[in-house]
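One structure is given below, encoded as structure tokens.
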Amino acid sequence: MKRNNRDNRQDACKEIALALGLNLDEYRSVLNLLERTPSFTEIGIFSAMWNEHCSYKSSKKWLRKLPTAGDKVICGPGENAGIVDIGDNQAIVFKMESHNHPSFVEPFQGAATGVGGILRDIFTMGGRPIATMNSLSFGQVQNQKTLGIANGVVHGISSYGNSFGVPNVGGEIRFNKAYDGNCLVNVFAAGLVNKNNIFYSAAAGLGMPIAYLGAKTGRDGVGGASMASAEFSGGTDSKKPAVQVGDPFTEKCLMEACLELMDSESIISIQDMGAAGLTCSAVEMGDKGNLGIELYLEKVPTRESSMTAFDMMLSESQERMLFVLKPEKKKLAEKIAQKWDLAYAIIGKTIREDKFKVFFNGKIEADIPLQALSRSAPEYNRPWTRTPKQQKYNESVPYLNSMDCLKKLISSPNYCSREKVWQQYDHTILSNTLIGPGSDAALIRIENTNKALALTCDVTPRYCLANPLEGGKQAVAESFRNIIASGASPVAITDNLNFGNPERPEIMGQLVDCIKGITKASKKLNMPVVSGNVSLYNETNGNSILPTPTIGAIGILDDYKKRLDIKPGKGDILILIGDNGHNLGRSAFEEEILKKQSGDAPPVFLTQEKELGKLILRANKMGLLSAAHDVSDGGIAIATAEMSIISGIGIKIVNKDLRWYFNEGQGRYVLACSQKNKENIMNLLSEYRIKNTIIGRVEGQFFALGKERISVKSLQKLYNSGFKNIFF
């Protein structure tokens, strides 16, 4: 029997739905909601709103368990970024997000637009960005493609951030073969806002004009959110059109225009056009305000001819903003847009009816129940299995020269100096950077106050692979330690949860247990999760990345003159606080020296972490400390070597064995104090009943592990050599 046009159209619509990432059950849900076959534009809208990247359909169930409230929390998850109170009518706006798939496909633009997107999240809420960081995971350095991706990503980050004019003050870089098919580019930004000038995304008022501001719309990025919600299965060249193209100079103008509009009290609500572009921004504003939205696409400023409604609704062209405008401010808004040389138009209005209506040249292209796009989005309780319990590491360690092992570690790509990358980032612009890259946490002075903001990004994926629960706890605990080691009090965190395909129970289990670990640690350490991002399907041909739940943390230092770094003074003694342990399982030593990974992740004792933090903050306020450094990758050997390298002064460490030098027992710091403060700090340690050991002295021109030694200059040279043939 000959098929009619309606049957053909239904088949075509289903094919488009499946191609854009909806599964068959989800497509049937669309048919039931509309009670008809959707238009191509409508199916594009559903695919954008119901994909993993926008709807969090695999993770919502578990994300609800995260602690998000606190006495300093002004805004938790659900808005563009989280906000915490820092006193004096000021607040910090901050968030971390991923741009993984675009950066693998087109490293420079993928990373650059990742920076642009996170900056918009900050100034959309009224905050002026004051700092960025990034956490980068690349494949093995022997892979030539890795080098191209790594350099493209770093150049993209530096190009956008430097041009926009915001300091990049730190982060992480790691290399592992698990990231050969999927790099991770996690970008963090923080901004400063007055508490009485915070803006939100919920639309309000009937018949209010909806305004478009920023760059013109093109076809770049069409389908970007769908690409971010699927694993790779082959070549990536065909996906390049789904990668956005950024312009930091336009973004700078957009920020100034938005902040000026906010100051003029012109804006009712505002939402940046990020993932899924015009679709997601309009739907989110309407949904949060319990209002409907009408859009008139012929009024959308475009830079390409013959764009369809489908193109415009799914474009992810960068540097664009959507806002609900006070009607009496139309002329002022237009004037401000002209001042900053930005495209501007009134492209819609709010309506009472629960509808998302899209018109193009008088023809209706979409007519969808608006709340169905968000509140009726799929939510899955995916099956999950727990990662098998690992045996405790009990292998004998071969006899190796401790100093030779340190030399290999300190010059390896994973543990060497990152200066070759950091020197491409402007970390001093705005003139408020007190401590930049290379210390435990960066420190940014808050202008016109004595306060400073401490910032860090942390995760140890090899721990998360072995034991996701302990790995999740450790990521939060290490961020806590890094903030403490700067002299600041930890306040809150943002997370970026990077995992493989959640449809595989073992991968879903990693996600579930990492979230459980993050939950335990953030509750105990009083660091609520106020914002974040989930990035799933980071796989190629079934090969998953390591579970990588990156934690971005902030802390506040009331008096920046009391800041700490990792540079001890000449003549200082070094005190190890915390239980040293002897477990080499999942350690940097085992990975880099023994070329294997076995055993369980080191356990994290959260009560001890909290007590150590209190002790260090008190000791610092009493003026007893010269420096502090948390003990993490590479154990005491790398921690003390870094203190020697950064200070340029020799350090002599007591004579111990390999396990003592290189194990990665958690909850430890190396504290430096002068001889005159030794008695006072030992009394304080006794009061807190903290386990401690004097492990060395800062003196001379050699770094020594027991009887083995190397000149500080030679150690510095090795430390600076690790990126020699990687970054250029």
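The set of residues in the stretch 133-162 being assigned to a strand (DSSP E or B) and either farther than 30 Å from Gln271 by Cβ or touching a Pro at 6+ places or on another chain (Cβ under 7 Å) (or both) consists of Phe138 alone. Checking Val512 against (1) part of a loop (DSSP other than H, G, I, E, B); (2) open to solvent by less than 10 Å² (accessible area, probe 1.4 Å); (3) closer than 19 Å to Ala466 by Cβ: exactly one of these is not met. Which one? Every condition holds for Val512 apart from (1). Scanning the stretch 129-145 for residues that are more than 18 Å from the chain's Cα centre (by Cα) and either surrounded by 24 or more Cβ atoms within 10 Å (Cβ to Cβ) or over 16 Å from Arg174 (Cβ atoms) (or both) yields Gln144, Lys145. Across the stretch 594-605, the qualifying residues are those that are of a type outside the set (Ser, Thr, Tyr) and open to solvent by 20 Å² or more (accessible area, probe 1.4 Å), and the one among them that is nearest to Tyr669 (Cα to Cα) is Phe605. Within the stretch 33-73, if we keep just the residues that are touching an Asp or Glu at 6+ places or on another chain (Cβ under 8 Å), closer than 26 Å to Pro502 by Cβ and among the charged types (D, E, K, R), the residue that is least open to solvent (accessible area, probe 1.4 Å) turns out to be Lys57. For Ile726, the requirement of being part of a loop (DSSP other than H, G, I, E, B) and either of a type outside the set (Gly, Ala, Ser) or in contact (Cβ under 8 Å) with a residue 60 or more places away in the chain (or both) is met. Residues in the stretch 108-132 that are more than 19 Å from Asn80 (Cβ to Cβ), of a type outside the set (Phe, Trp, Tyr) and either in contact with a His (Cβ under 8 Å, 6 or more places away or on another chain) or in a strand (DSSP E or B) (or both): Gly110, Ala111. If you go through the stretch 319-328 and pick out every residue that is in a loop (DSSP other than H, G, I, E, B) and open to solvent by 10 Å² or more (accessible area, probe 1.4 Å), you end up with 1. One residue stands out among those in the stretch 282-309 that are within 32 Å of the chain's Cα centre (by Cα) and open to solvent by 50 Å² or more (accessible area, probe 1.4 Å): the one that is nearest to Tyr212 (Cα to Cα), which is Thr302. Is it true that some residue in the stretch 497-508 is part of a loop (DSSP other than H, G, I, E, B), small (Gly, Ala, Ser) and in contact with a strand residue (DSSP E or B) (Cβ under 8 Å, 6 or more places away or on another chain)? Yes; the residues of the stretch 497-508 include at least one that is part of a loop (DSSP other than H, G, I, E, B), small (Gly, Ala, Ser) and in contact with a strand residue (DSSP E or B) (Cβ under 8 Å, 6 or more places away or on another chain). Considering Ile446, Ile429, Ile493, the condition of being crowded, with 24+ Cβ neighbours inside 10 Å and either more than 20 Å from the chain's Cα centre (by Cα) or among the aliphatic types (A, V, I, L, M) (or both) is satisfied by Ile493 alone.
Touching a residue at least 40 places away in the same chain (Cβ under 8 Å) and in contact with a Pro (Cβ under 6 Å, 6 or more places away or on another chain): which single residue out of Met643, Met622 fits that description?
Working: Met622 fails: in contact with a Pro (Cβ under 6 Å, 6 or more places away or on another chain).
One residue alone meets the criteria, Met643.
Here Lys678, Lys610, Lys691, Lys656 are screened, and the one residue that is of a type in the set (Lys, Arg) and farther than 16 Å from Leu576 by Cβ is Lys610.
Among the residues of the stretch 265-275, just one is open to solvent by 30 Å² or more (accessible area, probe 1.4 Å) and within 19 Å of Gln338 (Cα to Cα), namely Glu265. Of the residues making up the stretch 701-723, those that are part of a loop (DSSP other than H, G, I, E, B), more than 22 Å from Trp660 (Cβ to Cβ) and open to solvent by less than 50 Å² (accessible area, probe 1.4 Å) number 3.
Filtered by the rule that a residue be of a type in the set (Asp, Glu) and either modelled with pLDDT under 95 or assigned to a strand (DSSP E or B) (or both), the stretch 448-486 gives a lone residue, Asp458.
Looking only at the stretch 536-567, which residues are of a type in the set (D, E, K, R) and open to solvent by 10 Å² or more (accessible area, probe 1.4 Å)?
Listed by number, the residues that qualify are Asp558, Asp559, Lys561, Lys562, Arg563, Asp565, Lys567.
Taken together, the residues in the stretch 183-207 that are touching a helix residue (DSSP H, G or I) at 6+ places or on another chain (Cβ under 6 Å) and among the polar types (S, T, N, Q) amount to 1.
Quick one: is Glu365 out of contact with any Phe, Trp or Tyr (no Cβ under 7 Å at 6 or more places or on another chain), among the acidic types (Asp, Glu) and either in a loop (DSSP other than H, G, I, E, B) or open to solvent by 20 Å² or more (accessible area, probe 1.4 Å) (or both)? Here the answer is no, as Glu365 does not meet what is asked. Cβ-Cβ contacts under 6 Å between residues 6 or more apart (or on different chains), taken from a first residue in the stretch 576-590 that is over 16 Å from Leu606 (Cβ atoms) and in contact (Cβ under 8 Å) with a residue 24 or more places away in the chain to a second residue that is open to solvent by less than 30 Å² (accessible area, probe 1.4 Å) and among the acidic types (Asp, Glu), are listed as Leu584/Glu590; Gly585/Asp600; Ser587/Glu664. Please find, within the stretch 664-688, the residue that is most open to solvent (accessible area, probe 1.4 Å) out of those that are over 36 Å from the mean Cα position of the chain (by Cα) and charged (D, E, K, R). So the residue we want is Lys676.
So that you can scan it fast, the table gives a plain yes or no per residue for (1) open to solvent by less than 10 Å² (accessible area, probe 1.4 Å); (2) among the acidic types (Asp, Glu); (3) at pLDDT 95 or above; (4) within 27 Å of Asn51 (Cα to Cα):
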| position | (1), (2), (3), (4) |
| --- | --- |
| Ser158 | no, no, yes, no |
| Val185 | yes, no, yes, yes |
| Ala189 | yes, no, yes, yes |
| Phe199 | no, no, yes, yes |
| Asp220 | no, yes, no, yes |
| Gly224 | yes, no, no, yes |
| Ala230 | no, no, no, yes |
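Restricted to the stretch 606-663, and to residues there that are in contact with a Phe, Trp or Tyr (Cβ under 7 Å, 6 or more places away or on another chain), open to solvent by less than 10 Å² (accessible area, probe 1.4 Å) and in a loop (DSSP other than H, G, I, E, B), the residue that is farthest from Gln675 (Cα to Cα) is Gly634.
Results for (1) part of a strand (DSSP E or B); (2) under 21 Å from Ser55 (Cα atoms); (3) aliphatic (A, V, I, L, M); (4) touching a residue at least 12 places away in the same chain (Cβ under 8 Å), shown as yes or no for each residue.
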| site | (1), (2), (3), (4) |
| --- | --- |
| Cys258 | no, no, no, yes |
| Ser281 | no, yes, no, yes |
| Phe310 | no, yes, no, yes |
| Lys330 | no, no, no, yes |
| Gln338 | no, no, no, no |
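Among the residues making up the stretch 376-426, those that are open to solvent by less than 90 Å² (accessible area, probe 1.4 Å), polar (S, T, N, Q) and modelled with pLDDT under 95 are Ser376, Gln390.
Among the residues of the stretch 608-618, the ones that are touching a helix residue (DSSP H, G or I) at 6+ places or on another chain (Cβ under 8 Å) and under 15 Å from Arg668 (Cβ atoms) come to 7 in all.
The values are calculated or read from the model by the stated rules, or taken from the named source; none is laboratory data. Note that this is a predicted model, so its numbers are computed, not measured. Don't worry about glycine lacking a Cβ; one is built from the backbone with ideal geometry, like all the others, and counts go over all protein chains shown. Accessible surface areas use protein heavy atoms only, side chains included; no ligands, DNA or RNA. Shrake-Rupley method; radii C 1.70, N 1.55, O 1.52, S 1.80 Å.
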